[in-house]
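To start, the structure itself, in structure tokens.
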Amino acid sequence: QVQLVESGGGLVQAGGSLRLSCAVSGRTGSRYAMGWFRQIPGKEREFVAGISWSGASTYSADSVKGRFTISRVDAKNMVHLQMNSLKPEDAAVYYCAARLGITMATMDPLRYDYWGQGTQVTVSS
């Protein structure tokens with residue numbers, strides 16, 4: 001089995017920054033892509049950003065482009081989401097997800113195999 005654990009969430013003022021981290025452990029296989037999603041009550045889970053196994057290919061939602069950056073450390077088992085210029089509408093529970101055996105990320109949550117428990121991000125105005 002594979003385990004994903006998010007960390008770094010919390011309360012921040014609008015315009016501030018947070019860095020979310022996702023640690024991956026377990027029987028992941030040799031390669032896997034990663035993604036970040038967010039969700040608020042009563043709404044569908046929303047794609048935020050994805051990154052390939054190598055880290056060379058990334059994609060982010062239009063709503064966060066220029067403000068959020070996804071990255072992958074050299075060890076490959078840690079993924080970060082750097083969030084700058086946070087807005088109140090960014091408040092949500094943020095989840096990381098793994099796509100096993102596939103090097104390319106996708107915005108479709110149904111194509112990910114494992115999910116973390118989520119970390120709460122609150123933005124005050």
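The values are calculated or read from the model by the stated rules, or taken from the named source; none is laboratory data. Since the model is a prediction, treat every value here as computed from it, not as a measurement. As a convention, Cβ positions derive from the backbone with ideal geometry for all residues, glycine included, and neighbour counts pool all protein chains shown. For accessibility, only protein heavy atoms count, side chains too; no ligands or nucleic acids. Shrake-Rupley method; radii C 1.70, N 1.55, O 1.52, S 1.80 Å.
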Cβ-based net charge around Met34, under 12 Å, with every Lys or Arg adding one and every Asp or Glu removing one: +2
Probe 1.4 Å - accessible area at Glu6, Å² to nearest ten: 20 Å²
Cα-centre dipole for the chain with unit charges at Cβ (Lys and Arg positive, Asp and Glu negative), debye to 20: 220 debye
Sulfur and carbon atoms: percent of accessible area, the chain [1.4 Å]: 48 percent
For the range 1-75: span of alpha carbons on each principal axis (Å, largest first): 39, 25, 23
Accessible-area value, Leu11, 1.4 Å probe, nucleic acids and ligands omitted, Å²: 130 Å²
The chain, accessible area per residue, ligands and nucleic acids excluded (1.4 Å, Å²): 53 Å²
Equivalent ellipsoid dimensions for the chain as semi-axes, Å, which come from the Cα gyration tensor, largest first: 23, 14, 13
Ser7 paired with Lys43, simple spin-label distance in nm, labels 7 Å along Cα-to-beta-carbon: 2.8 nm
